Amino acid sequence: MAIRKILKYGDPLLRQKSKEVSKISKKIQTLAEDMLDTMYANNGVGLAAVQVGELLRMFVIDVSNPKEKYNPIVLINPKIIKKDGAVGCNEGCLSFPEVYTEVRRYKNVTVKALDIKGKPFIIEGKDGELLARALQHEFDHLNGILFIDHSRNRFEADKVLEEKGLPHVEVDKLIEEAEMEDIIATTNSIVVDKIEDDEKAEGND
Ligand code: ZN
């Protein structure tokens with residue numbers, strides 16, 4: 001168990017494509033544990049192996065409410081088997097400290113993967129909820145795609161990046177999502193996470 005260093009935007013490794021995990025060895029299991037430790041230590045909800053310098057197709061997520069029990073999920077060699085709808089949402093990434101910008105995501109997504117023991121499982125994220133968005137965000141990392149590539153407003157994203165001393169948006173990496181943008185704009189489908197407010201409303205202590 002160890003906390004690893006997270007690569008920051010600008011590191012060329014983050015733009016590379018990760019390779020399939022051929023065998024779920026002790027080394028892979030240790031890596032998954034380290035990734036979870038690293039994610040929790042940085043208050044993240046997801047972390048891909050490439051972010052700690054390992055070009056392997058695996059990521060970890062935990063979208064449980066901070067007041068609930070931990071619910072770590074390890075996904076190895078994930079594949080998106082279904083996706084539809086579109087939402088706009090404010091997103092961040094552990095490789096972009098303090099950067100948040102609005103991006104487009106599918107509303108619903110189904111992912112098939114192997115767990116830490118090599119057992120296949122299916123996980124579904126629905127209604128643009130955090131799980132749906134985290135699955136897409138982390139899956140993207142395995143293909144060298146970063147959340148800012150999905151920016152709804154690249155000028156706004158650029159401004160925040162500059163404020164935080166990070167490199168500019170890479171214009172050639174921006175993903176054309178006109179159809180998704182239409183859905184978001186016409187249905188006003190914006191997701192806003194208000195975990196703390198919800199807790200207050202529910203009267204949780
Ligand atoms: Zn990320």
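Among the residues of the range 130-143, write down those that are under 14 Å from residue 60 (Cα atoms) and in a loop (DSSP other than H, G, I, E, B).
142, the sole residue that qualifies.
Go through the range 51-96 and give me each residue that's more than 24 Å from residue 9 (Cα to Cα) and touching a Leu at 6+ places or on another chain (Cβ under 7 Å).
Across the range 51-96, the qualifying residue is only 72.
For the range 95-143, give me each residue that is within 11 Å of the ligand (Cβ to nearest atom) and among the hydroxyl-bearing types (Ser, Thr, Tyr).
Within the range 95-143, just 95 meets the criteria.
Please go through the range 163-187 and pick out each residue that is of a type in the set (D, E, K, R) and touching a helix residue (DSSP H, G or I) at 6+ places or on another chain (Cβ under 9 Å).
170, 173, 177
I'd like the residue in the range 144-197 that is part of a helix (DSSP H, G or I), of a type in the set (A, V, I, L, M, F, W, C) and away from the ligand (no atom under 16 Å from the Cβ) and, out of all such residues, is farthest from residue 15 (Cα to Cα).
195
Okay, residues lined up against (1) in contact (Cβ under 8 Å) with a residue 60 or more places away in the chain; (2) not aliphatic (A, V, I, L, M):
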position	(1), (2)
120	no, yes
142	yes, no
145	no, no
162	no, yes
178	no, no
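Kindly provide the set of residues from the range 169-182 that are surrounded by 12 or more Cβ atoms within 10 Å (Cβ to Cβ) and of a type outside the set (A, V, I, L, M), ordered by number.
Scanning the range 169-182 gives 170, 173, 177, 181.
Tally up the residues in the range 183-204 that are at pLDDT below 50 and open to solvent by less than 100 Å² (accessible area, probe 1.4 Å), please.
Total satisfying the criteria: 6.
In the range 81-90, is there at least one residue being more than 15 Å from the chain's Cα centre (by Cα), within 20 Å of residue 28 (Cβ to Cβ) and free of Cβ contacts under 8 Å to residues at least 40 places away in the same chain?
Within the range 81-90, none of the residues are more than 15 Å from the chain's Cα centre (by Cα), within 20 Å of residue 28 (Cβ to Cβ) and free of Cβ contacts under 8 Å to residues at least 40 places away in the same chain.
What pairs come out if I take residues in the range 68-79 that are on the phi < 0 side of the Ramachandran plot and pair them with residues that are open to solvent by less than 100 Å² (accessible area, probe 1.4 Å) and among the aromatic types (Phe, Trp, Tyr) whose C-beta lies under 7 Å away, six or more apart or interchain?
What qualifies is 75/59; 78/139.
Return a yes/no flag: does the range 78-98 have any residue that is closer than 20 Å to residue 143 by Cα and in contact with a Cys (Cβ under 9 Å, 6 or more places away or on another chain).
Looking for residues that are closer than 20 Å to residue 143 by Cα and in contact with a Cys (Cβ under 9 Å, 6 or more places away or on another chain), one finds none in the range 78-98, hence no.
Could you please find all residues in the range 36-67 being away from the ligand (no atom under 16 Å from the Cβ), more than 15 Å from the chain's Cα centre (by Cα) and free of Cβ contacts under 8 Å to residues at least 40 places away in the same chain?
37 - this is the single residue of the range 36-67 that is away from the ligand (no atom under 16 Å from the Cβ), more than 15 Å from the chain's Cα centre (by Cα) and free of Cβ contacts under 8 Å to residues at least 40 places away in the same chain.
The values are calculated or read from the model by the stated rules, or taken from the named source; none is laboratory data. Keep in mind the model is a prediction, meaning the values are calculated, not measured. Glycine also receives a Cβ, built like all others from the backbone with ideal geometry; neighbour counts cover every protein chain displayed. Each accessible area value is taken on the protein alone, full model and side chains, heavy atoms only, with ligands, DNA and RNA left out. Shrake-Rupley method; radii C 1.70, N 1.55, O 1.52, S 1.80 Å.
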